Every structure is written in C-alpha cells, then in structure tokens.
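First the structure, in the form of structure tokens, and then the observations on it.
The values are calculated or read from the model by the stated rules, or taken from the named source; none is laboratory data. What you are looking at is a predicted structure, and each value in this text was computed from that prediction instead of being measured. All Cβ positions, glycine included, derive from the backbone under ideal geometry; neighbour counts span all protein chains shown. Each accessible area value is taken on the protein alone, full model and side chains, heavy atoms only, with ligands, DNA and RNA left out. Shrake-Rupley method; radii C 1.70, N 1.55, O 1.52, S 1.80 Å.
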Amino acid sequence: MSTPSRPRATKIICTIGPATDTSDMLGQLIEAGANVFRLNMSHSKHDWVREVVFRIRRKAAELQANIAILFDLQGPSIRTGDLPEPYHLKKGDTLEIRLSTAKPELPFSTTVNYDGLLQDVQVGHTMVVDNGGILMRIEEVRPDRLICKVLTEGVFGSRRHINLPGVALRLPALTEKDLADLAVAVECETDYVAMSFVRDAAHIAQLREHIDNLGGRAQIVAKIEDQQAIRHIDDIILAADVIMVARGDLGIEVSIEELPIIQRRIIRHCHRLGRRCIVATHMLESMITQPTPTRAEVTDVSNAIFEQADAVMLSGETSVGHYPVRCVEVLDSIAHRMERSGNLNFAASAILNGDRQKATKAAISLADSVENACMVIFTRRGLAATQAAVLRPERAPIFAFSNDPVVVRQLALARDVTAFESPFLKDPARMISTALNLLKEKGLITSGQPVVIQGDSLQGELLADSIIFMRAE
Ligand SMILES: Nc1ncnc2c1ncn2[C@@H]1O[C@H](COP(=O)(O)OP(=O)(O)OP(=O)(O)O)[C@@H](O)[C@H]1O
Ligand SMILES: CC(=O)C(=O)O
C-alpha cells in the first residue's frame, strides 16, 4: 500500500493588494498553496474589497480550493494622510503633521487621522514611521500641527503608520472607520476579522458584540502589537479565536531583542490554552524586490514552523511585491521540509478542558501510534477540528467534514486541517463511507489505510462522542 504524501500542515496567509488583485493572480496564489487571503482595511476602498472578495470566491470555487478571507481592521492606528507623490526625506529635513482641517505651511506636509495626537505627544518624543523605516523627533507642538525633524532618511508615502514607543495614547478600541469597515466585512461574509491594537479582552468582547449585532459569523483574530496586550495575553488568548503575533508594530513597541522571546511565549501560551496562532510580518520582506529570500528569512520562517504556528503571513510580499507567487512557493517548500524535522511540541502542555477534549487527545494518540493513520473528524461548528489541531498530532493529518460551508472555510486557518463540506447523514456508516470515498478520490488516502474517526453523531440515534478505528475500504 503506497501512502499519499501528507498535506502541508502550516497554513499560508497572503495579503492581497495591487500586485495580486486580479483573478489570474489570485488563481496563481491558490495553486501555489495560499490558504487565506487578507484584505488590509488600512489601504482598501470598499468597492475594491467587494470586487476582490467576489473574485476570490469565484476563483476558489473554480479551483475547488478551500480559501478563507480575513478582513484586517485598521484599528486605532495612527496614520498619515494621502500624498500625490512620496517625499524623499533626508536627515535634517523638517516635516509637518497637521490636522486635516489645517492648511499646509511647509513643503513636506501631511495630515494625520488622529486629532488627539497633538495632545498626547510632547517635544522630544521620537516618532517611528513605517515600521521603523524613518525616525523623526518632535520639535514643536502647535495647536494645529506638529513640526518634526527627520533623523534618518527614507521615502515617506501615503497612509504611513506612526508608532510612539512608550507614549500612552488615549485611543478607542474601535474607530468609526473600523465600524464602517466591519459592516462591509459582514456584508461580504468574511470568515475572519482581525482586530488591531487589542489591549485587553474587553476589546474582543466589544468586537464580537458588533459582529453579532450585524448578523455576521466571522471569527476573531486578535493582533498582539504592544506591551499592554502582552500584559493581558492569557485573557486575550482566551477571548479570541486566533492570535496574531503582529511583529511589525510589536517590534517597535518592545525592545527588538525581546521580539523572538515574546513570539515564542505567545505561541506557547496559545498551545497551552487551546487557541490558534499566526506569525506575521517581514517573513520574506527582501522578496518584495528580490526573487530569492535571505538566509535569515528562511531561518525565521523555519523557526515559526518549528514553533508550530498555525499559519505564517505575507504582507507587502504579496500585496505590492514583485514575486508574490514565488513567496508562496518558498513558504510552501520551507514548511514541507521543516514539518519533517521536529518541533518544540508545546502542545504537550495543553490544558484539556472537559471530556470532549480528552476524547480528542485519545483519538490523536491512537492515530499517532498507528503507522500511516489519519484522523477524520465530523464537526458541525468546527470546534472539534480546531481542538484537534491545537493538540498538534505528531504524524496523523486531520481531515474535517462539516455540513456548514462557513465552518469549512474557517478551518482553512487551522494547522494540519484539510476541510470538506459534506452533509450529515442519518446513517453513520454511509456518512463515513461518503467521506472516505471523497478522500480517496482526492488522493489523500488509499485503500487499506488506517483511519481514526471522531464525531458525536456516529452512533445513530445516540448522541455520544465516539472514536471509530477502521481501515479505508
Ligand atoms: N489594497 C491595497 N491597495 C493599495 N495598496 C495597498 C493595498 N494593500 C496594501 N497596500 C500597500 O502595500 C503595503 C504593505 O501592506 P500590507 O497590508 O501588506 O502590510 P502592512 O505591514 O500591514 O502595511 P501597513 O503597516 O502599511 O498597514 C502597504 O503599506 C500599502 O502601501
Ligand atoms: C500585521 C501587522 O499589522 C503588524 O505586523 O504590525
């Protein structure tokens, strides 16, 4: 009996932008192995988003690919305004950042989206622009503008992100723009909404209430981007569905040498508390302009896979980069290789909550102990499959079946889970044989392969957690 090759466990998230928003490029990304498409609401107009979501769904259906969509809300991030052309700033130049109602007075002049900035900062504060691309010092605080001295040269474009490390900003959890973007997210039936600058668990509850009120079913990704979030990390992990280590902002808000330690700690806590996690930003940054990654990038991606993150994320690499498809291919090949090369096994310390999770752990132990076995999980809400995923089977891949297409799409962002839509039938034997036949047709299992099947409706009328061990016919 030959064994089919194991699907890649680590999921790949691609940010879509001008470099990749055509149906053709979306198709190429899917074929290269993308699992989730991210739309960054900091840069996206609503009509563009609606059109891109339509193209993604159509292309995914055409290629029979299970693709989830993630709307990333801008959150209370401080952003500069639109410029007709980028400024080429040199050390010693002066730039003004003014309220949107104020007229420009200097040649280098832009607006800011947060009026409160002028009250929150002081002369002498350092401003970090564009994830550390340019540093400035605040020289003057006037009633309608800040005058800043450029400390390091760089190209200053539109809607640049500003960080003020260590400065307490009085920003709300969700802005008016976020609420307007959220309404479009729900209208587009997005699978995930990412919340930027989450600072405590109450922020997640607030977002969940808004999603519920709008009638949406999106799951929530909490982006960990500053020290306040790190202080409340366990509560945030428990309140969210997925955690993102958003290294762009995090790498500015904490001392840079702490970043790998914080990444590892967040992933370890996610494994312990049973939540999924994403490692994001600068994974293959040099490939925005170069066709091959640096050795350091390959090692960084490998590290995230060794830590068993659920997903790695591409940002500028796929939204504006020159080699978006190659980036996905590079992640795909690093993941395939690293997944055969050991891992940190943080899941060994997972807290098992309740009987269901203990049953799942038992099913995984069984599947891992039998050569070439795989797990098949029937799941209505996706919970059984994500719980199995966070327990990180060592050898057995997880194939999940749900009768709910939303659940199936959401499972595109669960490590090691390949999900399919399939009706729940009254006759469990038929339900199982239909699922196994589909896996055989897709070349994912072969006749005679050992299968551990888990579900709560596999015993006819009796609703009970069951584990069935059999060989595929
Ligand atoms: N939909 C879009 N339309 C136009 N430009 C975009 C779009 N999405 C991304 N970009 C551009 O690509 C760059 C990288 O964006 P991306 O969302 O991939 O990364 P990011 O690190 O989250 O960016 P930022 O910090 O600017 O939000 C952005 O700074 C922006 O210039
Ligand atoms: C993804 C993102 O927002 C960050 O890394 O800061």
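Scanning segment 305-328 for residues that are assigned to a helix (DSSP H, G or I) and either hydroxyl-bearing (S, T, Y) or farther than 30 Å from S158 by Cα (or both) yields a count of 4.
Looking at R50, is it open to solvent by 60 Å² or more (accessible area, probe 1.4 Å) and within 26 Å of the chain's Cα centre (by Cα)? So R50 passes the test. Given the criterion touching a Leu at 6+ places or on another chain (Cβ under 7 Å), open to solvent by 20 Å² or more (accessible area, probe 1.4 Å) and within 16 Å of ligand 1 (Cβ to nearest atom), identify the matching residue among V325, V320, V330, V312. Of the residues listed, the single one that is touching a Leu at 6+ places or on another chain (Cβ under 7 Å), open to solvent by 20 Å² or more (accessible area, probe 1.4 Å) and within 16 Å of ligand 1 (Cβ to nearest atom) is V325. The numbered conditions (1) assigned to a helix (DSSP H, G or I); (2) open to solvent by 20 Å² or more (accessible area, probe 1.4 Å); (3) within 16 Å of ligand 2 (Cβ to nearest atom) are all true for H282 except (1). Among the residues of this structure, Q206 counts as one that is of a type outside the set (A, V, I, L, M, F, W, C), closer than 16 Å to P76 by Cα and either open to solvent by less than 60 Å² (accessible area, probe 1.4 Å) or more than 16 Å from ligand 2 (Cβ to nearest atom) (or both).
Scan segment 51-78 and report the pairs whose first residue is under 19 Å from A194 (Cβ atoms) and part of a helix (DSSP H, G or I) and whose second residue is open to solvent by 10 Å² or more (accessible area, probe 1.4 Å) and not aliphatic (A, V, I, L, M), with Cβ atoms within less than 7 Å and a gap of 6+ or a chain change. These pairs meet every condition: V52/D21; V53/C188.
None of T281, T294, T299, T318 is closer than 22 Å to P165 by Cα and modelled with pLDDT of 95 or more except T281. Scanning segment 60-93 for residues that are away from ligand 2 (no atom under 16 Å from the Cβ), small (G, A, S) and under 31 Å from the mean Cα position of the chain (by Cα) turns up A60, A61, A65, A68, G81. Pairs meeting the criteria (first residue in segment 136-152 and open to solvent by 70 Å² or more (accessible area, probe 1.4 Å), second residue not acidic (D, E), beta carbons under 6 Å, at least 6 apart or on different chains) are R137/T126; R137/K149; R137/L151; E139/I147; E139/K149; E140/I147. Only a single item in (1) of a type outside the set (F, W, Y); (2) open to solvent by 20 Å² or more (accessible area, probe 1.4 Å); (3) at pLDDT 95 or above is not met by R79, and it is number (3). Considering only residues of segment 136-160 that are touching a helix residue (DSSP H, G or I) at 6+ places or on another chain (Cβ under 9 Å) and either part of a loop (DSSP other than H, G, I, E, B) or not hydrophobic (A, V, I, L, M, F, W, C) (or both), which is farthest from ligand 1 (Cβ to nearest atom)? Top of the filtered list is P143. In this entry, I256 passes the filter for residues that are surrounded by fewer than 14 Cβ atoms within 10 Å (Cβ to Cβ), within 16 Å of ligand 2 (Cβ to nearest atom) and of a type outside the set (S, T, Y). In this structure, does E209 turn out to be in contact (Cβ under 8 Å) with a residue 12 or more places away in the chain, over 24 Å from C14 (Cα atoms) and not in a loop (DSSP other than H, G, I, E, B)? Here the answer is no, as E209 does not meet what is asked. Restricting attention to segment 216-253, the residues that are among the β-branched types (V, I, T), part of a strand (DSSP E or B) and crowded, with 24+ Cβ neighbours inside 10 Å add up to 5.
If you go through segment 161-170 and keep only what is more than 23 Å from the chain's Cα centre (by Cα), within 16 Å of ligand 1 (Cβ to nearest atom) and among the aliphatic types (A, V, I, L, M), you end up with just L164. The set of residues from segment 229-283 being within 23 Å of N40 (Cβ to Cβ) and polar (S, T, N, Q) comprises Q263, T281. Taking the criterion of being of a type outside the set (V, I, T), touching a residue at least 40 places away in the same chain (Cβ under 8 Å) and closer than 19 Å to S466 by Cβ, the residues of segment 362-376 that qualify are A362, A363, L366, A367, A373, C374, M375. Among residues of segment 123-135 being in a loop (DSSP other than H, G, I, E, B), in contact (Cβ under 8 Å) with a residue 40 or more places away in the chain and touching a strand residue (DSSP E or B) at 6+ places or on another chain (Cβ under 7 Å), the one that is nearest to ligand 1 (Cβ to nearest atom) is N131.
With respect to (1) farther than 18 Å from I220 by Cα; (2) open to solvent by 60 Å² or more (accessible area, probe 1.4 Å); (3) more than 16 Å from ligand 2 (Cβ to nearest atom), the lone exception for R159 is condition (3).
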